[in-house]
Amino acid sequence: MDIKQQIGYKIKRLRQKRGITQGKLAEMTNISPRTLSGIELGENFMTAQTMENILQCLGVTVDELFISDHLKPTEDLLEEIQQSIQSVRDDRDKIESIYKVVKAITSV
């Protein structure tokens, strides 16, 4: 995945997470839905002004937009989680903390 695709994917995920349609975000940022679609697909890169507008509308910083560790495939993320758990398996306090976080996240 190249940088345009990574950034586009991140914008799409942030937009969806906030319950904003592509059309609405395009309207809020003064670009066409087609342009936003191209950005989200990684076909186009945005101008600095468009990026600033998108960041403001999504309520994120430039740093948050460019951090891309979460873009790893699901299998890789799960493997890293399992490795992290294995590394603390003898520490009851850390295991309990992990348990609480997992329960909080999964109990919707």
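Throughout, read-outs are computed from the coordinates displayed, never taken from laboratory work. For clarity, every value in this text was computed on a predicted model and none was experimentally measured. Using ideal geometry, Cβ is built from the backbone for each residue, glycine included, and neighbour counts are taken over all protein chains shown.
In nanometres, what is the gap between the two model label sites at Lys17 and Val62, each 7 Å from Cα along Cα-to-Cβ?
The modelled label-to-label distance comes out at 2.0 nm.
Under unit Cβ charges (Lys, Arg +1; Asp, Glu -1), what dipole magnitude, rounded to 20 debye, does the chain have relative to its Cα centre? Write out the running numbers ahead of the final one.
Details: 15 positive and 16 negative charges, 102 e Å.
That gives the chain a dipole magnitude of about 500 debye.
Taking 35 Å as R0, compute the FRET efficiency from the Cβ-Cβ separation of Glu43 and Asp93 and round it to 0.05.
The value I calculate is 0.15.
Please find, in a Gaussian network model of the chain (springs between Cα atoms separated by less than 10 Å), the residue of Leu41, Leu65, Leu77 whose mean-square fluctuation is greatest.
Leu77
For Lys17, what charge total do you get from the other residues with a beta carbon under 15 Å from its beta carbon, if Lys and Arg give +1 and Asp and Glu give -1?
+4
At 222 nm, what helix-only mean residue ellipticity would the chain give, in deg cm²/dmol to the nearest 500, using -39500 (n - 2.57) for each DSSP H run of four or more?
Values: 7 runs with 76 residues, N = 108.
Mean residue ellipticity, 222 nm, calculated: -21000 deg cm²/dmol.
For the chain, with a Gaussian network of springs between Cα atoms less than 10 Å apart, report the residue from Gln86, Gln49, Gln22 with the top mean-square fluctuation.
Ranking Gln86, Gln49, Gln22 by mean-square fluctuation puts Gln86 first.
If you scale each eigenvalue of the Cα gyration tensor by 5 and take the root, what three semi-axes come out for the chain, rounded to whole angstrom and sorted largest first?
Whole-Å semi-axes of the equivalent ellipsoid: 35, 15, 11.
Mind checking which of Arg89, Arg34, Arg15 has the largest fluctuation in a GNM of the chain, springs on alpha carbons under 10 Å?
The residue that fluctuates most here is Arg89.
Take Glu75 and Lys103, extend 7 Å from each Cα along the Cα→Cβ direction, and tell me the distance between the two endpoints in nm.
It is 3.3 nm.
Quick check on my link table: of Lys72/Lys103; Lys17/Lys100; Lys72/Lys100; Lys4/Lys72; Lys17/Lys103; Lys4/Lys94, which ones sit more than 26 Å apart, alpha carbon to alpha carbon?
Lys4/Lys94
Give me the aspartates and glutamates in straight-line cross-link reach of Lys12: C-alpha distance below 12 Å, same-chain residues under 8 apart excluded.
Glu40
Just in region 10-53: which GluC sites (Glu not before Pro) are loop by DSSP and have at most 15 other Cβ atoms within 10 Å?
Working: sites: Glu27, Glu40, Glu43, Glu52; in loops: Glu43.
Loop-located and lightly packed - Glu43.
Go through Pro33, Met51, Leu65 and say which Cα lies farthest out towards the positive end of the charge dipole of region 32-88; charges sit on Cβ, +1 for Lys and Arg, -1 for Asp and Glu.
Working it through, the farthest residue towards the positive pole turns out to be Pro33.
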